[in-house]
Amino acid sequence: MEPLIDEAFLKRLSNLKFIVKGRRKGHLSGAHPSPRAGVSLEFADYRDYTPGDDFRYIDWNIYGRLDRVLVKTFVHETDLPIYILLDLSASMRLGNPPKVRYAARLAAAISYLGLRELDRVGLFPFTDRLLPAIAPRHGMSQMAHILRTLHAVSPDGKTSLDQVLTEFVARSNESGLIFLLSDLLCKGYEEGISRLLHRGDEIVVVQILDPAELHPVVEGSTRITDAETQRHVDLTVGGGTLAQYVRRLTAHLEAIRGFLTAHRIPYFLVSTDLPLDLLIHERLRAGGVLK
């Protein structure tokens, strides 16, 4: 099978970094600021000297000018947990290329960016429940583990996003940066996303659809099958049917966009015919996710 990402693609990612709004508590020295006081290149503030403080952090220039003994404090930079939630319900296998292939390539790119910045990256596939996950870890050996898993994904089953996100909050014990990659062709996502926000997670939602879902061209007698339930209906598709489909899809997409925008969650509606380079280098940068 063609690799998800190649060396040339990785080189094009080399100057990109995630934009993180909040300060994080992490486990390793990394690229994101944390509230913990510690030694780092990022100066934070001054405070009065107290017995036991390290003399190396006394600002002697201020002492000479103000006759006050002040100690420099620093922001300790630590790794950021990055969680990639990947939809593997049956509807993700539709399209050419399949939506899951596009999502897997994006997941691989996100993983590489995070691991290169010394962040911990984890992969959490789901359908109507969480599937076996790759816990967040750092190091490029984690990249190989993620790539092997992404190569082997096989979409099947239904979607229940509220249930999955509730389960994810219960299983993960640390807030972080969450990328939700899904076609979002389901009801019930508001409660689960609200749980993530309440915990303090930063969320990025990428909705991935096939061009034929956005702009159907079916006409005449046809059988339409639900990819997740296998229920089907025989009907004759004409202009009125297509117009009704477009109205319902538009209402669904507008509801998603309205909810996410109201909660200041970056949202990207992506068609699989959009080159991944353009999504990453233009849309995610313009949307304030990458710099």
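Taken together, the values in this text are just the output of simple stated rules run on the coordinates, not laboratory data. It should be emphasised that the depicted structure is a prediction, and the values quoted were computed from it without experimental measurement. We place every Cβ from the backbone using ideal geometry, glycine too, and count neighbours over all the protein chains shown.
See the values below:
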read-out: Within the range 78-169, percent of DSSP bridges classed antiparallel, to nearest 5; value: 30
read-out: Sorted by Cβ neighbour density within 10 Å, fewest at the top, the residues T159, T261; value: T261, T159
read-out: Cβ crowding within 10 Å averaged over residues, with 89-102, 145-158, 3-16 ranked highest first; value: 89-102, 145-158, 3-16
read-out: Value of relative contact order over the range 108-203, rounded to a whole percent, pairs C-alpha under 8 Å and six or more apart; value: 25
read-out: Computed Rg/Rh of the range 59-181, alpha carbon atoms with Kirkwood Rh; value: 1.26
